[in-house]
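The values are calculated or read from the model by the stated rules, or taken from the named source; none is laboratory data. Just so it is clear, the model here is predicted, and its values are computed rather than measured. For neighbour counting, all protein chains shown are included, and Cβ atoms are generated from backbone atoms with ideal geometry for every residue, glycine included.
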Amino acid sequence: MSRLAGAVLATFSLVAIAGDAEAQLVDVTFGVRGGVSVASASFDLETFDADNRTGFVGGPFLNLDFGIFGAQIAGMYHQMGFEGEDIDLDLDYFEVPVVLKVGVPLPLVKPSVFGGVTLGFEGACEVNGVECSDDDTSGTQYAGVAGADVKISLGVASLWADGRYNFGLSDVNDAGDAFGEIGDFQNRAWNFTVGIGFGL
């Protein structure tokens, strides 16, 4: 619970900054985005091979723009997993990614690159169509994230395009045997999303 409390505290901290945007000379955008997640995994057992799982990723985001620099926090629903020869794994997470950004503030368009971390809370898990037990997975995952986005300003609204790579920093599997002999593994995923934002 302390980890969840930390994530919630971070969210409210950024919202508090947003509330004082004029005093801080911050350009604040609240929006929603959605798109495609192309997920797989990194396996410690090199002889195991798996195909990608394509799913949905999306949710609300809060972007803070300080000119060249910026920051963004989001709440994302993220479908992950993989498809193997004998094992098909479906994992759904509720994630809180926090990234720092560096961009080029042009008159109507701002391209940026970013990097940060993601804290994910498992919402659902199925192995070959059967629900996982509580002991099969860790329930919480930590991941790094790196990518780029583009903001197109349209007055009070803005259009966003985002591409990012998520690389797990913690093992998904726990003490259970639902995954057979594949060994430890970490989530991997490419995300491609589009969205709309509104200035606050």
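Residue-by-condition table, conditions (1) over 11 Å from the mean Cα position of the chain (by Cα); (2) not β-branched (V, I, T):
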position	(1), (2)
D88	yes, yes
E95	no, yes
V113	yes, no
A143	no, yes
A146	no, yes
V150	yes, no
Y165	no, yes
Q186	yes, yes
L200	yes, yes
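Yes/no per residue for (1) touching a strand residue (DSSP E or B) at 6+ places or on another chain (Cβ under 7 Å); (2) under 19 Å from R33 (Cα atoms):
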site: G84; (1), (2): yes, no
site: D92; (1), (2): yes, yes
site: V96; (1), (2): yes, yes
site: V130; (1), (2): no, no
site: A161; (1), (2): yes, yes
site: L169; (1), (2): yes, no
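Look at G197 and say whether it is in contact with a Ser or Thr (Cβ under 6 Å, 6 or more places away or on another chain), closer than 20 Å to V32 by Cα, of a type in the set (G, A, S) and part of a strand (DSSP E or B). Working first, answer last.
Values: in contact with a Ser or Thr (Cβ under 6 Å, 6 or more places away or on another chain): yes; closer than 20 Å to V32 by Cα: yes; of a type in the set (G, A, S): yes; part of a strand (DSSP E or B): yes.
It is true that G197 is in contact with a Ser or Thr (Cβ under 6 Å, 6 or more places away or on another chain), closer than 20 Å to V32 by Cα, of a type in the set (G, A, S) and part of a strand (DSSP E or B).
From the list G55, G70, G103, which residue is under 26 Å from N173 (Cβ atoms), of a type in the set (G, A, S), surrounded by 15 or more Cβ atoms within 10 Å (Cβ to Cβ) and in contact (Cβ under 8 Å) with a residue 12 or more places away in the chain?
Of the residues listed, the single one that is under 26 Å from N173 (Cβ atoms), of a type in the set (G, A, S), surrounded by 15 or more Cβ atoms within 10 Å (Cβ to Cβ) and in contact (Cβ under 8 Å) with a residue 12 or more places away in the chain is G55.
Is it the case that the stretch 145-161 has a residue that's of a type in the set (A, V, I, L, M) and in contact with a helix residue (DSSP H, G or I) (Cβ under 9 Å, 6 or more places away or on another chain)? Steps first, answer last, please.
Within the stretch 145-161, the subset of a type in the set (A, V, I, L, M) is 145-146, 148, 150, 152, 154, 156-157, 159, 161.
After this cut, where a residue has to be in contact with a helix residue (DSSP H, G or I) (Cβ under 9 Å, 6 or more places away or on another chain) as well, the list is none.
The answer is no, given that none of the residues of the stretch 145-161 is of a type in the set (A, V, I, L, M) and in contact with a helix residue (DSSP H, G or I) (Cβ under 9 Å, 6 or more places away or on another chain).
Tell me, which strands (runs of 3 or more DSSP E) wholly within the stretch 25-141 include 1 or more residues that are more than 22 Å from R188 (Cα to Cα)?
27-43, 50-65, 69-74, 88-103, 109-127
Please state which one of G75, G129 is within 17 Å of G195 (Cβ to Cβ) and small (G, A, S).
Numbers: G129 fails: within 17 Å of G195 (Cβ to Cβ).
None of the other options fit; the residue is G75.
What pairs can you find where one residue is in the stretch 107-129 and modelled with pLDDT of 90 or more, the other is assigned to a loop (DSSP other than H, G, I, E, B) and among the aliphatic types (A, V, I, L, M), and their Cβ atoms are less than 6 Å apart, with a gap of 6+ or different chains?
That search, which allows pairs on different chains as well, returns P111/V104.
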